[in-house]
Each structure stands twice: as C-alpha cells, then as structure tokens.
Amino acid sequence: MMVNFKRHIQVVGCHCEGETCDVITGGVMNPKGCDTMYDKMAHFRDKEDHIRQLLMQEPRGRSAMCLNLVLPPANPAADAGFIIMESDEYPPMSGGNTIATTTVLLETGIVNMVEPLTTLILDTPAGLVTVDADCQDGKVKTVAFNNVPAFVFKLDYQIEVPELPELGRLTLDIAWGGMIYAVIDATKIGVKIKHTNGPRLIQIAEAVKRALNKSSYIPVHPENPDIKGVSIVEFTEPLDRQNMEAVNTVVVSPGRFDRCPCGTGSCARMAILHARGLLGIGEHFTHRSIIGSTFDCHIRGATRVGDYEAIEPTVKGSAWINSFKQYVLDPTDPWPTGFRVGDQWLVTED
C-alpha cells in the first residue's frame, strides 16, 4: 500500500566538534513577505514551529541536537541564508551551526567550493557573517567565522536565585555574542566543569536563567529590541595565560550541555575577557568544551554597537558530515510534533 506522506524533508547530518548541527536542505519552502533573515526566523518560530518540533523532538530527534534551515538570503550581498533551531528557541546566531552549515553547503555542492580557500557571506538573523573555509580535495578542513560584534551588557552583575538559596548572592557577567549569555565562573561557586557535575551545573544554569528573566534588569539588544533577555548560561574556568587555553561549557535549555566549545559563547567570553583587560586585539586562545573539543578564538578588531564598546570576534573549528536522512510524516502518526520524556529532557511541568 502506498502511503501519502504529509511531509518529506531532506536533512544532511553533521556535527561540529561533537555538537549535532543537522542541516535541512530540502522539503521546506522559503517564506514569502520577509524582508530580513530575522523576519524569516520569526515566521518559522510563530507560524511553522511544527517543523522544528517534528524533527527535533522524539521519536525523530533528541534533546542534544540543533537544526539549521538553509534558505535564500534576504540580503543580496550574501551567498546563502540560514536560520538556527534549538530545543527551546530560535537563536539569532550560532557559531557551531555556522561551521556545520558552511561545511554542508560546500561539501554537497549547494555553494561552489574554491580550493584552497572559500570565502562566503552568510545571512543570519543576527546579521551578515563572513566565513573563510580551508578546503582540500573536496573536503572542508576548517571554517573560521567572523561573527557579528560582541559586547558586554553587565560585568559583575549580582542576583539572588530563589530556587537555590545555597548559592547566596551570585555574581555573573551578561554579554552578547550572537545570543545573550549569562557567564558564571564555575570556580567561584565551587563546581568544576566535568561530566560528573553535569546534573548540578544544569540545575544551577536553568535556575539562574529563570531568576535573571524575572529580575529588574532585562538586557535588550540596541539594534534589535526584539532580542532581549538572557537565553543561555555559560560556565567558565579562568583563562590560562601561559598556555592561552580555557575551559567552558554552555547549558542549552531545557537542560543539556553544548558538546562543542560554543561559538557565540566563545564570542561573548572574548568580549568579557577584553573588557577586563585579559585578552587583547590579535591575541588567540583555545576554548575547550566539556568533551575536550576545541575552537581557536581571537579578536580581530574593536567597534561599537549602540552605546556599547564592542569587539569583532573570530572563531575557527571543524565539522563533519555523518549522514543523509529523509524524514517523513505519516498522516496516521499520533505524534506529528513529537514529544518529550523526563528521562532525557528537563521537564519542569506536566
């Protein structure tokens, strides 16, 4: 018997330094009437979120993954456009997903590869991002993305976390790197960044995020007032200036670690380090993830965003295609937008 599927979506499986960053390459139409890539992102968030739910929630997806949708750019200066989907949000920008999407665009021939270096302009909801891909024998070896400017909203911001009174008055930094981050020095709360402390770090991160977004201070991006509030929490350990290495981990809602060193989190951290005089323009450092994968990070220049002093950050890493998938939706499937179960997802409500 022939099944007339309600959806048929083509996806290239890809990971960036361990983080699943799959890329939709077919089966989803470009939305009409959108002037910017941010408008396209808002369209899928508000009107077609069932696509994200179908692919990212169980039984087709899982909590530890991201998804990217390749679309024609809204800005004619760009070579391609894409939007990013995560479990609970549509971030304006993501570094790991930029590296993965660039790898898929070039290795599948959607965009022409030029060896030894391919330079592209990508249209993202956060703005135009240029990428430089080192290519050899049809393979993308590394991708460096020149991110939108990063800046600090607040240094040493203090907050009470009602859900976790044992933390006392917590001190953290708030910065933009393509998403709005709360950045916590894990050594100051006595929790080392390692797998065995995973449940505690995730508990703290989600509680801090809820507390911040109920506080009196809500950060708002000066160039796009629709981007506001802390959406993600990053834990760090101090930068080793001798080796120019640092460890971090980012907690992605509803409660799991980013497997890669996090590109936008690296940019937010560079803005904080620069504001504190710990990282100068042109200096490189290696950012290491909870699984040990790395990004090479540096500040290429300084600028301003609204009233904020900002940096121009660059992050380099690698991605690998690992599968080609055809997702379908049977019209009789009882879970057309998937589901979440509390053994894998941090479910706080029934």
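The values are calculated or read from the model by the stated rules, or taken from the named source; none is laboratory data. None of these values were measured; they are calculated from a predicted model. Glycine also receives a Cβ, built like all others from the backbone with ideal geometry; neighbour counts cover every protein chain displayed. Remember, those area values only see protein heavy atoms, side chains included, never the ligands or the DNA or RNA. Shrake-Rupley method; radii C 1.70, N 1.55, O 1.52, S 1.80 Å.
Treating the beta-carbon of each Lys and Arg as +1 and of each Asp and Glu as -1, no other charges, what is the dipole magnitude of the chain about its Cα centre, to the nearest 20 debye? Can you show the working numbers first?
Details: 32 positive and 43 negative charges, 64 e Å.
Dipole about the Cα centre, nearest 20: 300 debye.
Here the ratio of the Cα radius of gyration of segment 282-348 to 2.2 N^0.38 Å is 1.92. With no solvent and one point on each alpha carbon, what is the Debye value of log10 I(q)/I(0) for segment 9-90 at q = 0.14 Å⁻¹? Cα-only, vacuum Debye calculation for segment 9-90: -0.45.
Suppose we take every Cα in segment 1-139 and form the convex hull; what volume per residue is that in Å³?
Values: hull volume 17.4 nm³, N = 139.
Per-residue hull volume (Cα only) is 125 Å³.
Taking the Kirkwood radius as Rh and the Cα radius of gyration as Rg, the chain has a ratio of Rg/Rh equal to 0.95. When only alpha carbons are used to place a centre, segment 33-94 and segment 206-234 end up 20 Å from one another. Dimensions of segment 232-333 along the principal axes, based on C-alpha atoms and rounded to the nearest Å, stand at 59, 34, 25, largest first. Solvent-accessible surface (1.4 Å probe) assigned to MET113 amounts to roughly 40 Å².
Nearest 0.05, what FRET efficiency do ASP156 and ASP134 give at R0 = 22 Å with Cβ-Cβ as r?
0.05
Restricting attention to the chain, close to 85% of DSSP beta bridges with both partner residues there are antiparallel. Ordering of 264-276, 41-53, 209-221, 92-104 by packing is 92-104, 264-276, 41-53, 209-221, highest average first (other Cβ atoms within 10 Å, averaged per residue).
In straight-distance terms, cross-link reach from LYS139 covers every one of the lysines whose alpha-carbon lies under 21 Å from its own, apart from those fewer than eight places away in the same chain; here that gives LYS316, LYS325.
Were the residues from GLU163 through GLU245 laid out at 0.36 nm apart, the gain over their Cα-Cα distance would be 26.2 nm.
Which value at 222 nm does the chain reach when only helices count, each DSSP H run of 4 or more adding -39,500 (n - 2.57), with the total divided by all residues and rounded to the nearest 500 deg cm²/dmol? Please list the in-between numbers first.
Working: 5 runs with 60 residues, N = 350.
One gets -5500 deg cm²/dmol as the mean residue ellipticity at 222 nm.
Mind checking the per residue accessible area of segment 124-244 for me, 1.4 Å probe, whole number of Å²? Kindly include the intermediate steps, with their values, before the conclusion.
Working: 5310 Å² over 121 residues.
Heavy-atom accessible area per residue stands at 44 Å².
D by Stokes-Einstein for segment 122-164, Kirkwood Rh over Cα pairs, 20 °C, 1.002 mPa s: 150 µm²/s.
Across every direction, the projection of the convex hull enclosing the Cα atoms of segment 125-256 has a mean area of 10.6 nm². The modelled label-to-label distance for the pair LYS188/GLU58, using points 7 Å beyond Cα in the direction of Cβ, is 3.7 nm. Spin-label model, THR142/ILE218: points 7 Å from Cα along the beta carbon direction are separated by 4.1 nm. Remark: segment 207-297 carries a charge dipole of roughly 400 debye about the Cα centre, counting +1 on each Lys and Arg Cβ and -1 on each Asp and Glu Cβ.
May I ask you to compute the full-extension gain from ASP333 to GLU309, defined as 0.36 nm times their residue separation minus their alpha-carbon distance, rounded to one decimal in nm? Display every interim value, and only then the final one.
Details: separation 24, 0.36 × 24 = 8.64 nm, distance 5.15 nm.
Taking 0.36 nm per residue and subtracting the Cα distance, the gain is 3.5 nm.
For the chain, which whole-number percentage of the solvent-accessible area (1.4 Å probe, protein heavy atoms only) is attributable to carbon and sulfur atoms? Carbon with sulfur: 50 percent of the solvent-accessible area.
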